[in-house]
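The values are calculated or read from the model by the stated rules, or taken from the named source; none is laboratory data. What you see is a predicted model; the values in this text were computed from it and never measured. Note: ideal-geometry Cβ built from the backbone for every residue, glycine included; neighbour counts use all protein chains shown. Accessible surface is based on the protein model in full, side chains and every heavy atom, while ligands, DNA and RNA are left aside. Shrake-Rupley method; radii C 1.70, N 1.55, O 1.52, S 1.80 Å.
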There are 2 protein chains.
Amino acid sequence: MINAYAPGDDGGLSEQERALIARRARVLGPSYRLFYEHPVHVVRGEGVWLYGPGGEAYLDVYNNVAVTGHCHPHVVAAIAGQAALLNTHTRYLNEIIVNFAERLVAKLPDEISQVMFACTGSEANDLALRVARAHTGGTGVIVTETAYHGVTQAIAELSPSLGAGVPLGAHVRTAPAPRAVGDVGRGFADGVRSALADMQRTGVKPAALLVDTVFSSDGVFAEPKGFLAEAVAAARAAGAIFIADEVQAGYGRLGEAFFGFQRHGLVPDLVTMGKPMGAGHPLAAVAGRPEVLEKFGRASRYFNTFGGNPVSCAAGMAVLDVIEAENLIGNALRVGQSMRAAIAALGSAAIVDVRGAGLFIGVELTDADAAARVVNGMRERRVLISATGPRANVLKVRPPLVFGMEHAEIFIDALSAELAHL
Amino acid sequence: MINAYAPGDDGGLSEQERALIARRARVLGPSYRLFYEHPVHVVRGEGVWLYGPGGEAYLDVYNNVAVTGHCHPHVVAAIAGQAALLNTHTRYLNEIIVNFAERLVAKLPDEISQVMFACTGSEANDLALRVARAHTGGTGVIVTETAYHGVTQAIAELSPSLGAGVPLGAHVRTAPAPRAVGDVGRGFADGVRSALADMQRTGVKPAALLVDTVFSSDGVFAEPKGFLAEAVAAARAAGAIFIADEVQAGYGRLGEAFFGFQRHGLVPDLVTMGKPMGAGHPLAAVAGRPEVLEKFGRASRYFNTFGGNPVSCAAGMAVLDVIEAENLIGNALRVGQSMRAAIAALGSAAIVDVRGAGLFIGVELTDADAAARVVNGMRERRVLISATGPRANVLKVRPPLVFGMEHAEIFIDALSAELAHL
C-alpha cells in the first residue's frame, strides 16, 4: 500500500504509541494498515484540524469523508437528535427517508429519479453491479487499470489497485487511465473499445462501464471537461450501461457541480455515492434511472438493515444543509483553483504536472520516492496529505470542503519547504 | 416476501400515509418493501415501544437491532459524544478501536483473538467468505436450504431465501435445515455430507460451511444444544472452515451465552456479527482465529472507510455496557422461557411447535395463511411480530432484549386472541 507504516519501525513514536500499536496488532486482523512512516495519533477533530493527545494540531488536507469539516455542529446535532428520537429501518413508513431521497434526486439529472440506500461505497458499487447485470443480462465490466471501487468480493475483483494478491474476475477488462496528453477523450475511448472487443472475442457479454469520475486511484484526471463522453457512448453501443462512481468525486468536491459526471455533460444510468454523504456516518446510495432499476427490483427484494435508516437520513440531510448554507461547492472551486495555481507557481523541478478540479488535486512528481518523502515530510510539519496513482508518484490533496485560503497558505508553505528538501 | 404490503392496497391507511407511500414509490427503487398488509408508520421509539404520528403505541416484539431497546440513553449519549469529538478512520492511531476490539475478543473463545470491522452483516459475511477462500484455496460454500446471509453479489448468491429471482452460485450447495425430530445432529450432518459429496463429484473444492446458528430464515432451530457439532466436524474433515453467522443469534439473544455457537460447544474458525452491535448504528465485524485470517491479511489490505470508526466503536462499547449492566442475557433467558411456556400453554390447535432459545422464538403454525392472519391481526392490536421459514408458517418473535414479563403478557394476550380468531 502507498503511504503505509512499516510495523516494527519505531521511529518517532512514543512508548505509549508503540504499546497501542502492539495492542492493535494483537486484536485487529492483519489486513489493517496505518498511514505514514510515523503514524498519526488523533483524539479530536474540528473543522480542517485534527488534534493529537498532547493538543498538537494537524492540518487535514486529505480527508474527503469529513466534507463539512470534522465534527460539524449541525451534523452532530442532527445525528444526536434523531438517535434519541427513532432509529428503525425502511420497512416501516417514515417521512425522513422520503424527504432525504427527494433532496438527493433533486441534485441529479431529471432522468435519474430513484434512490436505494446502503451503508458504504463498496455496498453501493456492489448493488449497482447487481442492477447492471439484471438489466443488461451481461456480466462483463470495464474499469480503469488502477481502479478502486471497494472491498466486497464482487467489487474487489474489479479493483485492480488492490494488487496482484486480489485477482481480477474472468469477466473484468481494464482500460488504461486517461492520459493527460493529446486527445484525452479519444485516447480513453480507444482503451474502452479495445476492452469491449476483447469481451466480444472471449464471449463475455458487457454489463457496465464503471468509472470513478475523478480517476482518483489512477492518479487524478479531471480535464478536459467532457472527455468521458466518447467512452461512455462506445460502452452503450455495445450494450453496457454507464455507472458513475461518485464516492470520491461527488458531493461538490470538484467545485462546479454536485457530481463529477456533470462536468462531462453526461447522464449516467446509475450513480453510486458514499464517503461524504454522512460526513463519517456510514451512508451510501445508488441512484438510477427507473427503467434500469426496474428488472432488479422485480426479481429481487433488497433490504439493507441500516441503509437509509432514520439516523442515516438525518445525517445525510444535515450534510446537504451545510453544503448549501456554507456554499461549499463555490468554496471548493475558488480555493482549489488558487491552490493549483500556487502549487504550479512553486516552479519545483520535482513537479511534473498539477491536475484535478476543485478540492481534488493531484500533483504528479517525478517518482514515488519523491512523493513518499514529501508526504512524510509534510506529516512531520503536521500537514496531512497522501499519494496515489499506479506509480505512487502523485500527491493526493483532498481536504474537507471548508478548507479556506488561510489553510491553503499553510499547505503551500509546507509543500514548498518539502519540495525544496528533495 | 413474507409479510409485505401489497402496493395499491389502501386498507386502513390515512390519506397522509397513502400520499407518503406514493412519494416513496416515486423516489425509492422498486426493491423496497413495507411490512404488513396495513403498513406501520412510526415517528418515535423508546424501550420496547414504537409510536405512530398520533401517539399510538406499538409493542415491538420483532426488532433485534434495537437490542438495548429503542433509543437507549446510554447508547445515544455515546454516539452523540463521540460524534462531537472525533470521527475519522482506522488508519490513524486511536485507542477506541483497540479498546472495543479487546472487549469483543473477551466475549469469544480464546482461539478467536482478532477482529475486523465492517458496517453491515452483509459486508461481514462477504469478508468472511473472502477470508475463507484465501485460507482454504477452495470456493465451495454450504448453506442451509432457506438461508439468508446478506445482499452483496457474493452473499446473495448463497442466500436461497432471496428466491428464484436470485440464482445460487455454481459453487454453492445447500443442506436441508435441521428437522426437529429424531437425531437432529445426525440428520443435519447427513445433509452437509451429501453437499460435500456433491462438491467433490463436481470438482468444487470446499471453502466453508456457513450457518446462522439459530437458523432464523429456515424457521428457527435451536435445540438440542450441540446438534451442530457433527456437521461442523464433517465440513472440517473435507477441508472447509466453519463460519458462524451470529448476525441474528449473537449478542446474548439466545439467553445462555453471548453467541449462538457457544450453545453447541463449538469454536468456529470465523464469527460474523452485525445487527445488534450498534443498536441501529451501522456496525458489523468478523472475528477469527489468527491463523485463518493470516493469508488474507498478507495478500490483501482491507480498508472499510466507516468500519470501526470512532463513533461506531463508541456505539459498540455502549451496547456492551448496557447488555452487561442490565443483565440482558439473563433477561433473555428468563423472559424467553416464560414466553415459550405461555405460548405452548395456549393449547391452540393452530400451533404445531414452539421453538427457539431465549428471546428468539419460532412458533410453527399449521400453514402460511394462519401465520399471515396472526401477524396482521396482532399488528391491528399494535403488537409487532413477523413470520419466517420456507413455508412462511413460523411466527418470528424476537423483541429487544429489554423485553420484560409485563410486555410478554401483552404479547401473549394478543397472540391468544388472534389464535382464537383463526
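Which loop trypsin sites (Lys or Arg not before Pro) in the stretch A:26-85, with loop taken from DSSP, have no more than 13 other Cβ atoms within 10 angstrom of their Cβ?
Qualifying residues, ordered by number: none.
Measuring from a point 7 Å past the Cα of A:Glu256 along Cα-to-C-beta, which residues in the stretch A:380-402 have an amide N at less than 20 Å?
A:397-399, A:401
Work through the residues other than A:Arg236 whose Cβ is under 15 Å from its Cβ and net out their charges, Lys, Arg +1 and Asp, Glu -1.
-1
In square angstrom, rounded to the nearest 10, how much accessible surface does B:Thr305 have for a 1.4 Å probe?
Probe radius 1.4 Å; accessible area of B:Thr305 about 30 Å².
Only sites in a loop by DSSP and with at most 15 other Cβ atoms within 10 Å count here; which trypsin sites (Lys or Arg not before Pro) in the stretch A:138-190 make the cut?
A:Arg179
From the phi of every residue in the stretch B:271-277, what ³J(HN,Hα) in whole Hz does the Karplus formula 6.51 cos²θ - 1.76 cosθ + 1.60 yield, where θ is phi - 60° and glycine or proline is x?
The phi angles translate into 10, 10, 8, x, 1, x, 3 Hz.
What helices does chain A have that are whole DSSP H segments, at least 20 Å long along their own axis by Cα, and with mean Kyte-Doolittle hydropathy of 0.0 or more?
Helices meeting the span and hydropathy rule in chain A are A:310-325, A:328-345, A:405-421.
For the protein assembly as shown, what percent of Cα pairs sit more than 47 Å apart?
Of all Cα-Cα distances in the protein assembly as shown, 19 percent exceed 47 Å.
What are the semi-axes of the equivalent ellipsoid of the stretch B:217-366, taken as the square roots of 5 times the eigenvalues of the Cα gyration tensor, listed largest first and rounded to whole Å?
31, 22, 12
How large is the accessible surface per residue of the protein assembly as shown, computed with a 1.4 Å probe and reported in Å² as a whole number?
31
Measuring from the lowest to the highest alpha carbon on each principal axis, how far does the stretch A:134-286 reach, largest first, in angstroms?
Principal-axis extents of the stretch A:134-286 (Cα, largest first): 43, 36, 30 Å.
Can you give the calculated 222 nm mean residue ellipticity of the protein assembly as shown, where each DSSP H run of n ≥ 4 adds -39,500 (n - 2.57) and the sum is split over every residue, rounded to the nearest 500 deg cm²/dmol?
So the calculated ellipticity at 222 nm is -12000 deg cm²/dmol.
Looking only at the protein assembly as shown, where both bridge partners belong to it, what percent of the DSSP beta bridges are antiparallel (to the nearest 5)?
Antiparallel: roughly 60 percent of the beta bridges in the protein assembly as shown.
From the convex hull of the Cα coordinates of chain A, what is the mean projected area in square nanometres?
Value for chain A: 20.3 nm².
Let me understand the stretch A:209-275 better: what is its radius of gyration from the alpha carbons, and its Dmax, in angstrom?
Computed over the Cα atoms of the stretch A:209-275, radius of gyration and Dmax are 11.0, 32 Å.
If you take the C-alpha gyration tensor of the stretch B:103-185, multiply each eigenvalue by 5 and take the square root, what semi-axes do you get, largest first, in whole Å?
24, 19, 13
Show me you know the interface measure: the accessible area buried between B and A, both chains summed, probe 1.4 Å, in Å² to the nearest 100.
By this definition, chains B and A bury close to 8700 Å².
Once the convex hull of the alpha carbons of the stretch B:33-119 is built, what does its volume come to per residue, in cubic angstrom?
173
Can you give the local net charge around B:Phe360? Use residues other than it whose beta-carbon is closer than 10 angstrom to its beta-carbon, Lys and Arg +1, Asp and Glu -1.
Local charge sum for B:Phe360: +4.
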